[in-house]
Structure formats: structure tokens, C-alpha cells
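Read-outs throughout are calculated quantities, based only on the coordinates presented, and are distinct from any laboratory measurement. These figures come from a predicted structure and were not determined experimentally. So basically every Cβ, Gly included, is an ideal-geometry build from the backbone, and we count neighbours across all protein chains shown.
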Amino acid sequence: MTEFLIRHFVRGHDETQNPAVRERYGVLSGAVGILCNAFLFALKLLIGLATHSISIMADAFNNLSDGMSSLISVVGFKVSGKAPDSKHPFGYGRTEYIAGLAVSFLILMVGVEFLKSSVSRIIAPEPVRFSGVLLAILAVSMLVKLWMGAFNRKLGRRIQSPTLLAAMQDSINDVVTTSVVILGMLASRFTTLPVDGYVGVLVALFVLWSGVGIARDTLSPLLGQAADPDIAHSIEEVVLGMDGIVGVHDLIVHNYGAGRSLASLHAEVPDNADFVAIHEVVDEAEKLVWQKTGVYLVIHMDPISLNDTRVNTFRELTQEVLQGLDSRLTMHDFRIVDGKRHINLVFDVVVPFDYGAEARDKLRRDIAAGLRAKEHRLNPVITFDHQM
């Protein structure tokens, strides 16, 4: 069924890096979500009214919020597919994340409202009617949501969309909440306790948990999360595979929406290389990264000395000191500036994020002490970088 829908409603469905194709996937998912959730909302609302069950009505309005979420997702995908313009030269791709954030707020609002209603039902309980027909209808609802979860999982993974994967998770959450509602209905037959109200609280808390999770997943790329390790590795692998480039560092990837990433990187090249020739190599590397990863890369060249015995000796000595202090430390941009009384070793040290200001100050002193223990004239001039 999923493949049938993709083939008939997503033109060019294999071109998943194409923004227009991503938009079609998003619109398909949203349209299916609107139709299915509208059906489930009407069905459960009728059951809830007929049985006086607050937990079923909570589940019904959860489906309504899911339908509205699907509508927001459609709008988000339509806007994110807009071409870059003078106001937004990197396009509108982040709209997809904003849509996901709006969905999470909607889910949280629904969760809060039904938490209040469920607590009221515990305080002032009402009898819940039960029948095998209602149980069968709720079971059908679970099957629909299981299919929707599998549907959004396939689409979300195909285009690497956090919004669609969030919709998948939300469908799975709905299966769990409906299961809890059914258990509550069954339990209410054997006790006078306000089981329905307690089950409603559980459903509401589950809805709130889902909303928080979706908000977290969509906020992360908006705030500027670290580059995907696989993408970063692919970029570095392509650049290091080019003739004349001997090292890379300071890779930064800016995400402007799925399929819209801009990156910068420092490439180390021999200081005696032919400038024109190495510039051609850098241009080729940038084009190859775009072809293989879809990331627009800008490379800055850092000339380094490879054939100077003295520089190589001090570089190896410095690396030895760093590894002795912390195996996670790396360095780059190493050069020597001779003074009258000191030999200045100028370099950058890449440290993990768990190094705070005090830890970096201590590390600076430890590096200086380690180098001077080997040669008292050595004076390190250190700039600290964070791992990206």
C-alpha cells in the first residue's frame, strides 16, 4: 500500500535529495494523516459520548490534534520547498523544523487539557458503558495507527525527515494510549473505582511526553546541532582523498533544512606546492563533496611545512606531550617563530567540550611544562578549538 501511494503521488520518488520531491513526500504523508485522523477522531468521539468515557474522548481529541499536526506538516513542507530568494538566500528548509515545533506545542496543549479533565473525572466519577462492539472499533483504530506508523517510518527514513519520523512516533504512541484505554474500560467492569479517570491521566501524561520529545527533536536543528557524524566523515574522506591535501580540520556544517547544508573546512597543503595547481585541487574537492553528499563546501587552504626537519621534530615532540596529557587532544596550524630568548611554538589544540575555562587554563600550563621539560627555551602559543 505504501509503495503504491508513493509511486502514484510522488513524482520522481527516487530523487530524495531534491527539495521538490521531499515536498511531495511531506504532502503525501500529511494528506494521509489528515484523512486517517479525521476518521479516527469522529469514530472515537462518538464512542466516548456514547460510553461517557473521558479516556476515549481524550484519545479522540489526541487524534484531532494529530490531524491538525498533519495539516501543519503539509504547510511546513510546502513552505520549505520554496526556492531561495533575496531575503532567504539559503532557502526556507528550516520551516520543516518550525512546523514540527508547532505540532509539539499543539500536542502539549491537548495533553494539558485532558490531564485537567481526567483529574476532574477522578474527583467526580461517572459510570462507563462497555460493549464488545466498542472494543472492536477501538481495535480497528489501533490497526489504522499501526499502519500509519509504518507508513511514516518508511517515508521519514527515505527522505531523512525528523517531522515524518516524529509523526511515526506519534502513531506508535496512539497505539499505546488506545491499548491503555481498552484496559481501563475492561477494568471498570470489575470495580467502582474511577478507573476511567486514572486511565485518562495516563493517556494525558503519555501525550505530554510525546509532545516534549517532538519539541526536543525539532529544536535541536533549529538551535544548531553538531554535524551528522556520517556526513562529516564523508566530507573529510573526500577532501583527504585529493592529491596534495595532507590534513583537514575545523569542519563546520550549517544546516538550513534537509538537503540544504553549507560547510566550511580548513585543508592543510604543503607550503611549497604550486598555488595554481593546489587551487584546482581544492575546487575539485568542493565539487566532489557536493556530488557525493549534497553539501555546499567552502575550503580554506592552510600551508604547512612538511620537509623542514626542525619543524617536524618540534611538531612530533608537541604531539607526544599532548597525547601524554589526553589521548583525545589533536592539534593543527603548527609553526615556529624564533625569538631572542625563546622558541615560540604556535599551534591550535582541539579539545572536547567537557574542557571548561579552568580545565583549559590548566591544560595550557601542563602543555608548557611538558614542552619545557624537553627543551627549556620552548614557549607554546596556544589557541584552543572545540571539536565540531
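Put simply, the C-alpha atoms of the stretch 18-95 give a gyration tensor, and the ellipsoid matching it has half-axes of 36, 11, 6 Å, longest first. Taking amide H positions as modeled 1.01 Å from N, with prolines and chain starts lacking one, the residues under 5 Å from residue 330 and 5 or more places away or on another chain are 350. Starting from the Cα gyration tensor of the stretch 1-150, take the square roots of the eigenvalues, sort them a ≥ b ≥ c, and report rounded, prolate or oblate (rounded when a/c is under 1.5, otherwise prolate if a/b is larger than b/c, else oblate). Judged from the Cα gyration tensor, the stretch 1-150 comes out oblate (a/c at least 1.5, b/c at or above a/b).
The calculated 222 nm mean residue ellipticity attributable to helices in the chain amounts to -22000 deg cm²/dmol, summing -39500 (n - 2.57) over DSSP H runs of n ≥ 4 and dividing by all residues.
Could you point to the residue in 255, 119, 151 farthest towards the positive end of the chain's charge dipole, with +1 and -1 charges on the Cβ of Lys/Arg and Asp/Glu respectively? After comparing all options, I get 119. Within the set (1) 37, 26, 19; (2) 57, 27, 14; (3) 31, 24, 20, the number that semi-axes √(5λ) of the Cα gyration tensor in Å takes when calculated for this structure is listed as (2). Taking a ≥ b ≥ c as the square roots of the Cα gyration tensor eigenvalues, the stretch 266-368 comes out oblate, since a/c reaches at least 1.5 and a/b does not exceed b/c.
Seen from residue 297, the other residues with C-beta closer than 11 Å to its C-beta sum to a net charge of -1, counting Lys and Arg as +1 and Asp and Glu as -1.
Percent antiparallel among DSSP beta bridges with both residues in the chain, to the nearest 5? That works out to approximately 40 percent antiparallel.
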